[in-house]
Amino acid sequence: MNRIIKPISLSTKLFPFFLLALTTDCFSAETQADAYTEGRTLSVYLTASETEQRLALSGTHRFSPGDQPTEGEVSVFVNPNKRFQEFLGIGGAITDASAEVFARLPEEKQAELLRAYYDPKEGIGYTLARTTIHSADFSSGSYTYIEEGDASLETFSIDHDRQYRIPLIKKAIEAAGGKLPLYASPWSPPAFMKDNNNMLNGGKLLPEFRAAWAKYYTLFIKAYEAEGIPIWGITIQNEPMAVQIWESSIYSAGEERDFLRDHLGPTMANEGLGDKKIIVWDHNRDLISHRANTIFEDPEAAKYAWGIGFHWYETWAGGETMHENLRNVARSFPDKKLIFTEGTNEKFSADRYQYWPNAERYGRSMINDFNAGTVAWTDWNILLDQNGGPNHVGNFCFAPVHGDTETGELIYTPTYYYIGHFSKFVRPGARMLSTTTSRSHLLATSFINPDDSVATIVMNQSDMEIPYNFIVESSEIQLVIPAHSMQTLVW
């Protein structure tokens, strides 16, 4: 039987509501290959440039016996018997900026946004979230949870977050069905703890405050959990090699290793938080191997690290995305997880809400990241206003959805739908399947869900409509993918 989505008319600026009925035939991993496809129907969901199709059911097909593809034919190959990393989830960051914009929307638009992101039937089913430990650039101003100079942390309070951020996080958890793994990242220690006495413009954590700063993470976790918000994990430092005009702090690989090994890891364990995941690096793909080698080769540091996070900003201008570095880390340290912790399209301009290359940047990254071994993928702000903010240093960016605080409208960008081709159809606990393409015009990845349904995501990044063979072992279907489009094949 089939996974069926019943679509209604769609708009590029309004959220599409879906009704989802899910039933599947079950099969075991030991079944012969033909049993994966024999008698099965495949449903194709499409988002395409220059059309109104957004996550729309565009056709159903039935597998038939396949032939050897000929030289020059375009094919996508899936081998369901070869399974790789377990999928954790896809989501976005609930920042101060997102929460402030959300609070300024009409109640019906707030409810719509929550369905759009977190409802697996009517929305795209986000299953992961990130937030910040006190302020970042996407806050209306810099702040911490303590009074300046309080090295004993006696004044620690998350009252600031109770106005906007905590209420939105609670609503997101509810909209996601009561469970939404959340991890948190600091952008900078308090100013007095740093050698530049400033939360902005880089600087380093002073040695005498390492113990206090480690304790600060635990106070944050306990305060949020006292609010009924479970914290799944933390990253040690957002972008530890970037001196930014906003909140930032620098750690060399050795300094991050030593802070984890000698302070943060033991402090988390001593405070009863040893089950929380600790993610190192949280920066770009270019230097990820050096950071992994430095930290994971130290057994005392490595025992506290769940995995390594990465962003996509390193070399995008040159068109190179350094995914081989991810594969190297996955091969070198197979017991550590890869997680994409942040990406966004910079240089906001309201006339580019529907700019298709922004979505394709996401599609390329997500497919290549998952194929390199990534287990989870987190977008940056879930919501920004009509100016790409608020942001207290003018670093305005795009989000998948923008809320116009003057008109009260929500604006859905193509990026939202491209992310949805993954998050709606790939669920936590899925396993990635062996998937390749015969021509570089197409990118593809596949996952088998815990209910044995399979989702293959195919992206056409070319200017041409492309016919292709979809081949699963000895069965195949002939399909066509429009230019600049994304398909999810569900079977």
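Quick notes
- Helix-only CD estimate at 222 nm, as mean residue ellipticity for the chain, using -39500 (n - 2.57) per DSSP H run (n ≥ 4): -7000 deg cm²/dmol
- Karplus-derived 3J(HN,Hα), 6.51/-1.76/1.60, for each residue of region 98-115, Hz, glycine and proline x: 4, 5, 5, 5, 4, 5, 8, 8, x, 4, 5, 6, 4, 5, 5, 4, 4, 5
- Every Cα-Cα pair in region 209-275 was counted, and those over 20 Å apart are 33% of them.
- Distance from the C-alpha centroid of region 358-389 to that of region 418-460: 15 Å, rounded to the whole angstrom.
- Convex hull of Cα atoms in region 73-144, direction-averaged projection (nm²): 8.9 nm²
- Dipole magnitude for the chain: about 720 debye, using +1 per Lys or Arg Cβ and -1 per Asp or Glu Cβ, origin at the Cα centre.
- Viscosity 1.002 mPa s, 20 °C: Kirkwood-radius Stokes-Einstein D of region 437-491 over Cα pairs, µm²/s: 182 µm²/s
- The Rg/Rh ratio of region 106-158, with both radii computed over alpha carbons and Rh defined as the Kirkwood radius, is 1.20.
- By average C-beta atoms within 10 angstrom, highest first, the peptides 434-445, 212-223: 212-223, 434-445
- Dipole of region 89-425, positive direction: furthest Cα of S140, A111, I308, with charges on the beta-carbon: I308
- Using C-alpha pairs below 8 Å separated by at least 6 residues, the relative contact order for region 89-425 is 20 percent.
- As a rough footprinting exposure proxy, the listed residues D286, D379 were ranked by other beta carbons within 10 Å of their own, and the order from fewest upward is D286, D379.
- Largest-first principal axis extents of the Cα set of the chain (Å): 71, 54, 41
- Of all DSSP beta bridges confined to the chain, the antiparallel ones make up roughly 60%.
- Available extension along the chain between S462 and T70 is 139.0 nm, counting 0.36 nm per residue and deducting the alpha carbon span.
- Region 178-189 - phi-based ³J(HN,Hα) in whole Hz, Karplus 6.51/-1.76/1.60, Gly and Pro as x: x, 9, 8, x, 10, 10, 10, 9, x, 9, 6, x
- All aspartates and glutamates inside 14 Å of K121 as judged from Cα atoms, apart from same-chain residues fewer than 8 positions distant: E112
- Cα point-scatterer Debye curve for region 122-234, base-10 log of I(q)/I(0) at q = 0.11, 0.18 Å⁻¹: -0.38, -0.93
- 0 to 90° range, to nearest 10: angle between helix 323-332 axis and the chain longest Cα axis: 80 degrees
Every number in this text was worked out from the coordinates using simple rules, so none of it is lab data. All values reported here derive from a predicted model rather than from experimental measurement. A quick note on method: Cβ atoms are made from the backbone with ideal geometry, for glycine too, and the neighbour counts reach across all protein chains shown.
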